[in-house]
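The values are calculated or read from the model by the stated rules, or taken from the named source; none is laboratory data. Since we're looking at a predicted model, the values are computed, not measured. Neighbour counts are summed over all protein chains in view; Cβ atoms, including those assigned to glycine, are modelled from backbone coordinates with ideal geometry. Heads up: the accessible areas ignore ligands, DNA and RNA and are worked out on the full protein's heavy atoms, side chains in. Shrake-Rupley method; radii C 1.70, N 1.55, O 1.52, S 1.80 Å.
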Amino acid sequence: MSDFEFHPDVIGSLPTRLLHRSADIGHESTLPSPDAGAATAGARSAITHIELIAGRAADSLDGLADAITACLEAYAEVDDDASLMLHLRMEMAI
Amino acid sequence: MGHSMTVDGSPASCRASARAVRRLGLEMEQAGNCLARVRSLGLSGWSGEAAEQFGARTSRLIDASDTASDGLVTFADALDARADAIAEAKAEMQRARSVAAKADIAIHGDSFPSYGEVDLKPGQEGPRDHGEAIVTRAREAEEAANTVFEAAVAAARSLTWTGEPASPVGALASPTDHLPDLTPLLRDVPGTPLPMPDRHDWSGLSSLIPALVKEAPDLTRAAGRGLGRKALGPLKAGFDQWLDDLPNEDLSIADRLLRAGFVGGATVAGGAGAAYLCTQFVVTAPLAPGCAYVGASAGGEAADKILEYADAH
């Protein structure tokens, strides 16, 4: 038999955790620009860049959550079909 | 010309920005911790190729989160240091003003007077020199701090998010990409008709006919596997036909043999054909035995109908 193993009851809790964490990052990703004197322009540019990084991080967490959800859905679909065919084959064997 | 005592920048503004950046850095750290838990928990209930990709992708995100967190906290520290430097420079300029005020040296605007700009009375030269030295040192310190801060700004602007490739969803975007991971599970259990890009499209079935003929011996064996204990199915189908034909006294023995053979042969051909078609698709391949059984039944039924039609006409 294959070494494939997938427990949807365990995996199913993961997307929510990731989405919560993504939301937390989103809440903190709007940053005030500092008045840093002579370096103000550079500092503001850095802040804008950091906001971009935070957005990508949140997107990554969302993306992973979506991917896991897609895996769960794929597994559920296959599992339904497999159960049906297993039933039919057992019925044939009996 | 006097020495400017103007110090640009707002310590409060820098500190507010530092707090926000630090909070974001801590959120990134929390994200890394969350991802580590997600990876650990996920891999406790998931194994196989997709699970390995999940682990690798999560690990990339953990590393990226840690790197980003470190970078943000470092930048927050730099913003705080910048706030301190601005505050210290402002304080030093204020101290220079106090030195001048105590010596009754007139200050016009934000410029500390140089020699010649103001008429100094006896006893004012020492305090003026002292004040000028304070302003000069404060300005040098501020410039040095500014250089350090600009380096921190450059480092912050060079931060990158290394956790994800260009695709927003990434390697796990398409579950069908990882069907090989799922199909072993279905080796003994028929699967689901999901699209498989590396196999024939249904529109190409006509091209399979020559191969079907060529591989007839193998197909017969495949049908045999599919029929399993029902390997005698074709014989039984032929025998059933023989029994059906018994009442028909018009048939010769040769006719009866031909008709029974036709039904039995159609049963074998149907089973073999269906089994072969099933083997051409990854998802249906595990179904080959079942396909053979269904195909054999269909072949036998079709032969019956053909004989009925021939008899009627």
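Calculate how steeply helix A:14-27 sits against the longest principal axis of the alpha-carbon atoms of chain A, using the helix alpha-carbon long axis, and give the answer as 0 to 90 degrees to the nearest 10.
Value to nearest ten degrees: 10.
Ignoring everything but the protein chains, give the 1.4 Å probe accessible area of A:Leu88 in square angstrom, nearest 10.
70 Å²
Quick one: angle between helix A:40-93 and the longest Cα principal axis of chain A, in degrees between 0 and 90, rounded to 10, please.
Roughly 0 degrees between the two axes.
Relative contact order (percent) for chain A, with alpha-carbon contacts under 8 angstrom and 6 or more residues of separation?
Normalised by residue count, the contact order of chain A is 38 percent.
With solvent modelled as a 1.4 Å probe, how much accessible area in total do chains A and B shield from it at their shared surface, in Å² to the nearest 100?
5200 Å²
Would you tell me the accessible area of B:Tyr309, worked out with a 1.4 angstrom probe on the heavy atoms of the protein chains, in Å² to the nearest 10?
Result for B:Tyr309: roughly 150 Å² accessible.
Within segment B:1-79, what whole-number % of the accessible surface is contributed by carbon and sulfur, with the 1.4 Å probe and all protein chains included in the calculation?
On segment B:1-79, the fraction of accessible area on carbon and sulfur atoms equals 50 percent.
Could you state the orientation-averaged shadow area of the convex hull built on the Cα atoms of segment B:237-313, in nm² to one decimal?
5.2 nm²
What would the Debye equation give as log₁₀ I(q)/I(0) for segment B:1-44 at q = 0.26 Å⁻¹, counting only Cα atoms as equal point scatterers?
The calculated log intensity ratios at q = 0.26 Å⁻¹ are -0.87.
Out of residues 5 or more away from B:Ser47 or on other chains, whose amide H comes under 5 Å of its own, with H placed 1.01 Å from N in the peptide plane?
A:Glu5, A:Phe6
First obtain the Kirkwood hydrodynamic radius of segment B:1-126 from its Cα pairs, then insert it into the Stokes-Einstein equation at 37 °C and 0.692 mPa s, and state the resulting D in µm² per second as a whole number.
This corresponds to a translational diffusion coefficient of 174 µm²/s.
Could you give the length gained by full extension between B:Asp311 and B:Ala155, i.e. 0.36 nm per residue of separation minus their alpha carbon distance, to one decimal place?
Result: 47.1 nm gained on full extension.
Using a Förster distance of 41 Å, how high is the FRET efficiency between B:Ala141 and B:Ala36, based on the Cβ-Cβ distance and rounded to 0.05?
The formula returns an efficiency of 0.45 here.
Name the GluC sites (Glu not before Pro) in segment A:1-78 that are in a loop by DSSP and that have at most 12 other C-beta atoms within 10 Å, would you?
Sparse-neighbourhood loop GluC sites (Glu not before Pro): none present.
With a 1.4 Å probe and every protein chain left in place, tell me how much accessible area A:His20 has, in Å² to the nearest 10.
Per-residue accessible area (A:His20): approximately 120 Å².
Would you please give the residues with an amide H less than 5 Å from that of B:Ser111, counting only those at least 5 places away or on a separate chain, with H modeled from the backbone geometry?
Residues meeting the criterion, in which the H sits 1.01 Å from N, are B:Met5.
Given the C-alpha centroids of segment A:1-34 and segment B:129-151, what is the distance between them in whole angstrom?
Spelled out, the Cα-based centre of one part sits 47 Å from the other.
Going by the alpha-carbon gyration tensor, a ≥ b ≥ c the square roots of its eigenvalues, is segment B:266-308 rounded (a/c under 1.5) or, if a/c is not under 1.5, prolate (a/b greater than b/c) versus oblate?
The shape class here is prolate.
What aspartates and glutamates sit close enough to B:Lys305 to cross-link, taking a C-alpha to C-alpha distance under 15 Å and skipping anything fewer than 8 places away on the same chain?
Correct list for B:Lys305: B:Asp240, B:Asp244, B:Asp245.
If the cut-off is 19 Å between C-alpha atoms, which aspartates and glutamates fall inside it for B:Lys121, apart from same-chain ones fewer than 8 positions away?
Once the sequence-local aspartates and glutamates are set aside, what remains near B:Lys121 is B:Asp104, B:Asp129, B:Glu132.
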